[in-house]
1. Which of the residues spanning the range 74-96 are part of a loop (DSSP other than H, G, I, E, B) and open to solvent by 70 Å² or more (accessible area, probe 1.4 Å)?
2. Yes or no: the range 17-39 includes at least one residue that is loosely packed, with under 11 Cβ neighbours inside 10 Å, outside any helix (DSSP H, G or I) and modelled with pLDDT under 90.
3. Of the conditions (1) farther than 24 Å from residue 40 by Cβ; (2) among the aromatic types (Phe, Trp, Tyr); (3) touching a residue at least 40 places away in the same chain (Cβ under 8 Å), residue 190 fails just one. Which one is it?
4. Go through the range 122-163 residue by residue and tally those that are small (Gly, Ala, Ser) and crowded, with 22+ Cβ neighbours inside 10 Å.
5. Among the residues of the range 57-73, which ones are open to solvent by 10 Å² or more (accessible area, probe 1.4 Å) and not in a helix (DSSP H, G or I)?
6. Can you confirm whether the range 216-233 contains a residue that is at pLDDT 95 or above, touching a helix residue (DSSP H, G or I) at 6+ places or on another chain (Cβ under 6 Å) and open to solvent by less than 30 Å² (accessible area, probe 1.4 Å)?
7. Being aliphatic (A, V, I, L, M) and not in a helix (DSSP H, G or I) is the filter here, so list the residues in the range 143-167 that pass it.
8. Please work out if residue 158 is touching a residue at least 40 places away in the same chain (Cβ under 8 Å) and within 16 Å of residue 51 (Cβ to Cβ).
Amino acid sequence: MDLISEGSKPDPVACSTLTIHQIAEALGRAVDARDPGTYTHSEEVAAIGHILALRMGLSPRWAEMVHIAGHLHDIGKIRIPDHILRKPGPLTPTEMAVMRTHAEVGASILEPVEIFRLPGGVADMVRFHHERYDGSGYPQGLRGRTIPLGARILAVADSLSAMLQGRPYKEPMDFDAALREIRSLSGTWYDPRVVAALLDSVESVHQAWSAIRGEPVPMCLEDVLEKECFKANGSA
């Protein structure tokens with residue numbers, strides 16, 4: 001639906017939100033363009049994150065913040081040298097330390113935007129999207145619910161997209177294998193509630209991902225969606 005119809009005045013709030021989203025999407029594409037192997041990554045993270053946020057009961061406003069943060073989650077990589085970002089193989093420990101600075105750098109880039117500085121908002125989601133539920137992530141080693149919820153959502157969306165994309169040193173996983181991998185790390189790397197939301201919205205996530213890729217992607221989920229067994233094992 002058009003924001004502006006004939007004879008009506010533009011809604012400045014709606015226009016501002018749309019503009020922020022469009023800028024975020026453009027910046028995400030600019031970051032992805034530096035690495036042709038991940039050209040749709042930020043768009044996938046944004047779309048998947050938005051679906052999961054709504055599934056978990058976040059308000060449309062906060063789900064949109066997760067969506068924007070998904071587009072911008074890797075913006076700090078503009079400071080990563082090309083020889084590291086495009087390296088056709090695993091990174092050395094020194095190179096990995098440089099790569100891990102992108103989360104803090106990204107947050108610092110976004111913090112001058114007042115709306116992004118809200119507690120738990122876009123800047124915090126970008127800063128903490130590589131934290132792990134068990135405290136083994138970076139940059140601060142946060143654990144559990146001390147990690148902002150939006151960042152916990154992006155951690156799952158980011159990982160799913162990364163698993164589904166091939167790299168020079170690894171083949172892409174198929175959709176079912178990626179879901180099983182994320183499910184196996186519920187409670188260690190990922191918030192079990194976010195993983196449960198992913199399993200509850202698999203069809204929507206798969207449809208969005210296929211649309212972004214521009215091609216149908218096969219899915220066979222009988223072995224993945226054993227929700228009762230999943231919950232009985234204490235993972236959700």
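The values are calculated or read from the model by the stated rules, or taken from the named source; none is laboratory data. Because the structure is predicted, anything quoted here is derived from the model rather than measured. Quick reminder, even Gly has a Cβ in these numbers, built from the backbone with ideal geometry, and neighbours come from all protein chains shown. Keep in mind that these areas ignore ligands, DNA and RNA; they rest on the heavy atoms of the full protein, side chains included. Shrake-Rupley method; radii C 1.70, N 1.55, O 1.52, S 1.80 Å.
1. Within the range 74-96, 86, 88, 90 meet the criteria.
2. No, the range 17-39 has no match at all.
3. Of the numbered conditions (1) farther than 24 Å from residue 40 by Cβ; (2) among the aromatic types (Phe, Trp, Tyr); (3) touching a residue at least 40 places away in the same chain (Cβ under 8 Å), the odd one out for residue 190 is (1).
4. Residues in the range 122-163 being small (Gly, Ala, Ser) and crowded, with 22+ Cβ neighbours inside 10 Å: 6 in total.
5. 57, 58, 59
6. Checked against the condition, which is being at pLDDT 95 or above, touching a helix residue (DSSP H, G or I) at 6+ places or on another chain (Cβ under 6 Å) and open to solvent by less than 30 Å² (accessible area, probe 1.4 Å), the range 216-233 yields no hits at all.
7. Answer for the range 143-167, where residues must be aliphatic (A, V, I, L, M) and not in a helix (DSSP H, G or I): just 147.
8. yes
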